[in-house]
Amino acid sequence: MGNRKSRRRYKKKRYTWPIIIITLVIAARVALPYVLENYVSKTLNNIPGYSASVEDVDVRLWRGAYKIEGLILRKEDSRSDKPMLNFPTSDISIQWDALLDGRIVSVIKLHNPEFNYIFIEDKKEPQEADVEDWTKALTSLVPIDINKLTVHNGKANFVELSSDPKISMFLEQISLEATNLSNVVNREKKLPSRLDLTAVSMGGGDVSLRGNLNILKEIPDMDMEFALKKANVTAINDLSRRYAGVDFESGTFELYSEVAIADAYLKGYIKPMFINTKLIEKNDEGGIFKKLWEGFVGLFKFVLKNQGTDTLATRVPLEGDLNNVKSGVLPTIFNIFENAWIDAFRGTVDKDIEFEDAQKH
């Protein structure tokens, strides 16, 4: 009899512990999304000067990932209804192929993210909160180092409300891929990380930004190329009206640039191009001095444009310490005349700035 009772007791314990363990695992799995949602909300709401909300957190243990739905970050003193950050879906997961290189790192995928920067000139003392505050908070949501970042169909808006006229610029349909951010591979390479971005600008221009970086340094080293092609020039009328006092009726605006940074020393250029542009002829709006200025700008554009390609362009060189970057005035003026009378600028990145050019200094 004693042996039978012992066997029954043993069998009961044998099944009891697995049931308890399974129950605890299920309970933990059910509770984990709520725990994570509370952690995400608490982390974001600890940023001084900002408030945040999260719609939902979905855990996917089978692939070592969790998804944040409806992450919104607002600046508390903003006069705009738009949040600064609106991330409908953020997918954070382990990069399994990086395990072969001996590192545990993560991949972040942002779907339809929106960034809104509303600038209002204010004479009040600046708040303690800054970009570093909320970027640190966002990265703290990822438990391990980020090695790959992708953005699908993103949007970025910049609005300056204090200007007259109001300045509004945007990029949409942003597609971005940044790889090897934690330097898992190519560890001996000076610029181990890669960034590729495409987007559509205001005026329907095609934007591309690509190059290599080393973001592990406090001031990242980089060798980057930027191109903005075939944008309708009327889209920058707010800028041209504010800084030059003129409006464009038609034409195309393009912008090309190369930048190399090595040990906080920058070398590069910016090349703006105005192609087949026509200024709006105004009646007496603004008085005689405004009419004289617009006439001078029109004459300047006619004399200094390349008549063969109907292009007004220059190349502005940039060089110096990052705390004191300067553009050369005389080279800029010379490049205007060179484009007009000597050799028309090509509508492309010149590919004559290398990382080694910045390294020399």
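Quick look at the numbers
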quantity	calculated
Close pairs (6 angstrom Cβ cut-off, 6 or more residues apart or separate chains): at pLDDT 80 or above in the stretch 316-335, part of a helix (DSSP H, G or I) anywhere	Val316/Thr332; Pro317/Pro331
Long-range neighbours under 6 Å by Cβ, at least six apart or interchain, first residue among the basic types (Lys, Arg) within the stretch 101-123, second modelled with pLDDT of 75 or more and not in a strand (DSSP E or B)	Arg103/Val184
Answer residue from the stretch 269-293, given it is at pLDDT 60 or above and of a type in the set (D, E, K, R) and is nearest to the chain's Cα centre (by Cα) among those	Lys271
Unique residue being closer than 19 Å to Ile353 by Cβ, touching a Phe, Trp or Tyr at 6+ places or on another chain (Cβ under 6 Å) and modelled with pLDDT of 85 or more when the list is Leu228, Leu266, Leu209, Leu197	Leu209
The listed residue being under 23 Å from Ser106 (Cβ atoms), at pLDDT below 95 and more than 14 Å from the chain's Cα centre (by Cα), out of Val184, Val246	Val184
Selection within the stretch 191-241 - of a type in the set (A, V, I, L, M) and over 25 Å from Asp263 (Cβ atoms)	Ala199, Val200, Met202, Val207, Ala227, Leu228, Ala231, Val233, Ala235, Ile236, Leu239
Which listed residue is modelled with pLDDT of 90 or more and either farther than 23 Å from Pro48 by Cα or basic (Lys, Arg) (or both), from Leu100, Leu176	Leu176
Pair list, Cβ < 9 Å and 6+ apart or interchain, from the stretch 155-178 residues that are of a type in the set (Gly, Ala, Ser) to residues that are part of a loop (DSSP other than H, G, I, E, B) and at pLDDT below 95	Ser162/Ile120; Ser162/Glu121; Ser162/Asp122; Ser163/Glu121; Ser168/Met202; Ala178/Ile215
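The values are calculated or read from the model by the stated rules, or taken from the named source; none is laboratory data. Since the structure is predicted, the reported quantities are computational estimates derived from the model, not experimental observations. Note that we place each Cβ from the backbone using ideal geometry, even for glycine, and neighbour counts take in every protein chain shown.
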